[in-house]
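I have placed the structure first, in the form of C-alpha cells, so that the comments after it can refer back to it.
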C-alpha cells in the first residue's frame, strides 16, 4: 500500500504542475486547442475519470467542475477506442495476409498437409496409418508437420527470434505434438500406460514408435543402442533433391563424417559444419560427433529432381540437410541450408558455410521444376514442405537374440504427389506399410 500511496502522491504533484503551467500560459478555461488535452500528449491522463483527476489534483482543480473538460474527456476516450479498433483491424488484416499465399496457391497440395482440427482427429489418423501393433510396440507413420514433444521454456527462450525459425514462415504445420495425443491414444487403444519412445522430427515424416509401458520402452531404447553398435547405419531416409548428388565414393559405400558447431568471420551465428578429417581426441572432447552415412541415388525425375536414399547412424544437428548440401544436392523444401549451394553460370557451387547464416536466402528452384510443381514464381517456394521421409528403422535384438525387427513406412501424400509431378515412378512396395523380422548378417 505504501508504494501505491507514493505513486498517487507523485501523480498528484505532476498534475498540479501541468495545471499551473496551463493556467499561467493560456489564462483562461481549458480549451479544445490546448496541447494538454490531447490523447497523444497525455494518453494516461485521458484514460482517467474526472472524479479520479479531482481526487489526485485536489479540490481546487478546475477539472472537477468544468463541463467543458468532461466533454473533452469523453471525446478523447471515444478517439482512443476508435484508434484501438482501427489498429486491431490492421493487425487482423496482417495476420490474414500471413496465413499463406492467396489465389491459385490457396488450394495447392502443399497447403493442406495438416488438416486435423483436434487431437482426436490426429489420433484417429495415426490409427489408420499404423505399421505394427504387437510385442508391446505400437508403430505408426508420423505425418509431416507434427512435432514430437512440447518445447520447454528454455527451448522457447533460445529459439525466440532465431534465424532458424525463418524456414517455417510459409510451411503448414500442426499445433499438436505426439506428446499431446498420447492420452487420446491410450483411450482409443485401451493401453493406459502407452508411452512415446522414438520418432522422426517435426519437419519430416516416417516411423514413430510407442511402447505399451515403460519397461518395453526401455527394451526398445536398448535395442536401438545395440543396432547402432552392430550396424554402421540404422535409419533409412528417402529424400527428394533439387540436383543430382555428387558422389565422392562409389554408390553404396559408407562414409564416416564428423559434424561440429562453428562460427566464422563472415557470420557470427554458430552453425553445424562437416569434417571428413578429425582426431579421436576431438570426439572424446565432444567437439565433433561422428556419423556414418551412405548415399544411394534411386530414381531421376524431371527438372533436376532426384529420389535419393540416405542410410545414416544419426541425424543430429540437421545432418541430412547439411550432408546433401555438401553433396551439391540440396533437399527440396530445405530453406535453411540450401543457400550453401549457389549456381554460378549454370554450375552448382559450394559456398563456405561460415560466411552466411542458415536461411540467408530463399531456396531457388529451376524453372522447369517450378512448372512441374505448379508454382508461379520462385517466391512461392516458401510453401514447399521439406521432402525428408524416414522410410525404415531397425531394432536389433528386440525380439530374440540374432533377430532384427525392421519397420517401413510408405510415403505421405504430398511426397507421392511431388514424385508424380516430377515423373518419379514409385513401386507397389513403396506404397505399403511393411514390417519384417530377419536374421542379422
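Throughout, read-outs are computed from the coordinates displayed, never taken from laboratory work. What you see is a predicted model; the values in this text were computed from it and never measured. Every residue, glycine among them, receives a Cβ derived from its backbone with ideal geometry; neighbour counts consider all protein chains shown.
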Which order do peptides 203-216, 116-129 fall in by mean Cβ count within 10 Å, highest first? 203-216, 116-129
Can you pull the Rg over Rh of the stretch 286-389, Cα-only, Kirkwood? 0.96
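What order do you get for 137-144, 299-306 when each peptide is scored by the mean count of other beta carbon atoms within 10 Å, highest first?
Per-residue Cβ counts within 10 Å, averaged per peptide and sorted highest first, yield 137-144, 299-306.
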Averaged over all directions, how much area does the convex hull of the C-alpha atoms of the stretch 200-323 cover when projected, in nm²? 10.5 nm²
Ranked highest first by average number of other Cβ atoms within 10 Å, how do 354-360, 280-286, 365-371 line up? 354-360, 365-371, 280-286
Give me the compactness ratio for the stretch 103-439, meaning the Cα radius of gyration over 2.2 N^0.38 Å. 0.99
Report the extension gain between residue 284 and residue 364 in nm, rounded to one decimal, defined as 0.36 nm multiplied by the number of residues separating them, less their alpha carbon distance. 24.9 nm
Segment residue 317-residue 148, extension gain: residue separation times 0.36 nm, minus the distance between their alpha carbons: 59.3 nm
How high is the FRET efficiency between residue 344 and residue 378 when r is their beta carbon distance and R₀ equals 22 Å, given to the nearest 0.05? 0.80
Efficiency by 1/(1 + (r/R0)^6): what FRET value for residue 232 and residue 260, r their Cβ-Cβ distance, R0 = 22 Å, to the nearest 0.05? 0.60
